[in-house]
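Worksheet: one structure, shown below.
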Amino acid sequence: MRNPIPELLDEMLRECADDDGGELHDEIPELAEADPDRFAIALCTADGTVYATGDAEHRFTIQSISKPLVYALALADRGLEKVLEHVGVEPSGDAFHEISLEPSGRPRNPMINVGAVTTHSLVGDPAWSLAERDERVRAGLSAFAGRELEIDEAVFESERSVASHTLALAYLSHSQGKLDGEPHDAVDGYIRQCSMLVDVRDLAVMAMTLANGGRNPITGEQVVPVWACTQALSVMATCGMYDAAGDWMSRVGIPAKSGVAGGVLGALPGQIGAGAFSPRLDDVGTSVRGARAFARMSTELGLHLMHAPEVATHVLYGVVEPDTDGDGVREVQLQGTMHFAAAEAALRELEGLPDDRSPVVLDLTRVVSASAIGRRLLTEAVERMRADGRDVRVADPDGVLGTRA
C-alpha cells in the first residue's frame, strides 16, 4: 500500500500556493531579499516519522519561533518561580515589538520581543558569559531539532544593524530590574538566537519535541522536563500569535508560533508537530500561505485542540459474564488510553458490577497507555475490590499499571 499522507500534504500545498497575498518583511534588510514564492509544509509524528512537501530543503532563519523553545530552556535552567519573577504569562493584545509591561515593569509574556529578550537572559547560569549563554541556546535549539544548527551570520548582522528598538526595550526591562545582565549582551544573544537556520522538517521535529513532553522523537533525548513543555505550550497557545492569538486559537486551534522569515511552528500535544514556511507575511507578521496551510491541517486532519476525541465514553471494550458451566469468572475488558476521564468511566463500570462474589478479571490487554492518575485510580479500584473480599485478577501483559496491581 502507498501511504496517502504525502499526497494529502501535496494537495494542501497546491491549494494554498495560489495565494500571493502579503509582503516580505522589510524591517530586516536581509529578509527583504527572500524568494517570495518558496513554500513548504512538514509534519512529524510521535514516533519520529517526518512527512514534508514543497521547498522542504530550503533553510531560513528561525526568528521568533525560537521564543517558546528558549522559554522552555530558561524554565529548565532557572525554574518556574524564578522565570515568573522576570516575565509574565498574560496575553498582551499588542504587536510583537510593542512596549508591553505590567505595572510592576515585568514584560507581559515571553512571546513579545521585550519578554523574549528578558527570557534569553535567564538561560543558563547567571554568571555565564555571553558566549556561554549563546552556546547553551544554540545547543538547546539543536537538541529540539535533533541536529546541529548554525547561525546565518548575514541575517545576524543585518538584524543587529536595525536593533535600536529592541535595544531600547532591553534597557527598559533592565531599568525595571527584570533583565539579568547587560542589555547589549541580551540583545546580541537574542538576535543570534533568532538567526539560527532551520527548515520545515526541523520545525516539525521541534514542535513534536514540545508536543512529546520534551523528548525528541528522533534522537530520544529528553531536551527539557515535561512540566517545562506544559508551561511553554500553554503560553504559546495564548500568546504565541501576538494580537491575533485569539483568532488563531478559535479558527486553527493548534498552539503555534510564527516568525518574520516566514516560518510557522505548531505543536498539538500527544499528536503531531507541524511546520510551514513561506516568506510573504500578513499584517500581524505571520506567513500568509503558512497560516492557510495550518487552517487546512486543522480542518482536514481534525487537529483543533478543542476537538477532543470521544475516548472516555468508549473505554469499555466489553464484559464477559460468568459462565455457570465454567469457572464463574467475570471479565471486564478495557481499551484505549487511561487518562482521568477514561479511568473515571472505567471506575463506574467496576462500581456497577453485580455483588455476586464472582471472581473478576480486569483485562488491560487492549489498553495502550495510562497517565499517572489513570494508573492510580485503576490500581486503587483493584485494591478496594480486594478489600471488599472480591477475588480480582489483572491481565496486564504490557505493564500498564506497573507492579502494584
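The values are calculated or read from the model by the stated rules, or taken from the named source; none is laboratory data. Since the model is a prediction, treat every value here as computed from it, not as a measurement. A quick note on method: Cβ atoms are made from the backbone with ideal geometry, for glycine too, and the neighbour counts reach across all protein chains shown. When the accessible area is computed, the model is the full protein with side chains, heavy atoms only, and any ligands, DNA or RNA have been set aside. Shrake-Rupley method; radii C 1.70, N 1.55, O 1.52, S 1.80 Å.
From its DSSP helices (H runs of at least four residues, each -39,500 (n - 2.57)), the chain gives a residue-normalised ellipticity at 222 nm of -12500 deg cm²/dmol. Along the stretch 263-280 the Karplus relation, 6.51 cos²θ - 1.76 cosθ + 1.60 evaluated at θ = phi - 60°, assigns HN-Hα couplings of x, 9, 10, x, 10, 10, x, x, 10, 9, x, 9, x, 9, 8, 6, x, 6 Hz to successive residues, with x for each Gly and Pro. Taking only Cα atoms, what is the 0 to 90° angle, nearest 10, from helix 200-211's long axis to the longest principal axis of the chain? Around 50 degrees separate the two axes.
For the stretch 147-294, the share of accessible area belonging to carbon and sulfur comes to 50 percent (1.4 Å probe, ligands and nucleic acids excluded). Taken per residue, the accessible surface of the chain reaches 43 Å², heavy atoms only and a 1.4 Å probe.
Inter-label distance, Val162 to Thr299: 3.4 nm, where each label sits 7 Å from its Cα along the C-beta direction. Looking at the chain, the DSSP beta bridges with both ends there are about 70 percent antiparallel. In the stretch 354-405, carbon and sulfur make up what percent of the accessible area (probe 1.4 Å)? For the stretch 354-405, the apolar C and S fraction of the accessible surface comes to 48 percent.
Taking a ≥ b ≥ c as the square roots of the eigenvalues of the Cα gyration tensor, the stretch 182-227 is oblate, since a/c reaches 1.5 or more and a/b is not larger than b/c.
Axis of helix 66-78 versus longest Cα principal axis of the chain: the two differ by about 70°, to the nearest ten degrees.
Name all residues of the stretch 231-251 having a backbone nitrogen under 15 Å from the label point set 7 Å from the Cα of Ala372 along its Cα→Cβ direction, giving them as ranges. What the label zone holds, given the 15 Å backbone N cut-off, is 231. Using Cα pairs under 8 angstrom and six or more residues apart, how large is the relative contact order of the chain, in percent? Across the chain, relative contact order equals 18 percent. With semi-axes defined as the square roots of five times the eigenvalues of the C-alpha gyration tensor, the equivalent ellipsoid of the chain measures 46, 25, 17 Å, largest first.
Placing a label point 7 Å from the Cα of Ser234 along the Cα-to-Cβ direction, no residue of the stretch 193-220 has a backbone N closer than 12 Å. To the nearest 10, the accessible area of Asp180 is 50 Å² with a 1.4 Å probe.
Extension gain, Asn3 to Ala17, is 2.8 nm, computed as 0.36 nm per intervening residue step minus the present C-alpha separation. Straight-line cross-link reach from Lys178 at under 20 Å between alpha-carbon atoms covers these lysines, not counting any fewer than eight positions away in the same chain: Lys67, Lys82. For Glu148 and Asp247, the FRET efficiency from 1/(1 + (r/R0)^6), where r spans their Cβ atoms and R0 equals 35 Å, is about 0.45. Remark on Ala370: its backbone amide H falls under 5 Å from those of Met338, a criterion applied only to residues 5 or more positions apart or on other chains, H modelled at 1.01 Å from N. Rounded to whole numbers, the Karplus 3J(HN,Hα) couplings from phi for the stretch 291-304 are 5, 5, 4, 5, 5, 5, 4, 4, 6, 6, 9, x, 9, 5 Hz, using 6.51 cos²θ - 1.76 cosθ + 1.60 with θ = phi - 60°, and x at Gly and Pro. Full extension of the segment from Ala127 to Leu347, taken as 0.36 nm per residue of separation minus the current Cα-Cα distance, would add 74.0 nm.
In this simple spin-label model, placing a label point 7 Å from the Cα along the Cα-to-Cβ direction at both Glu321 and Glu135 gives a separation of 7.1 nm.
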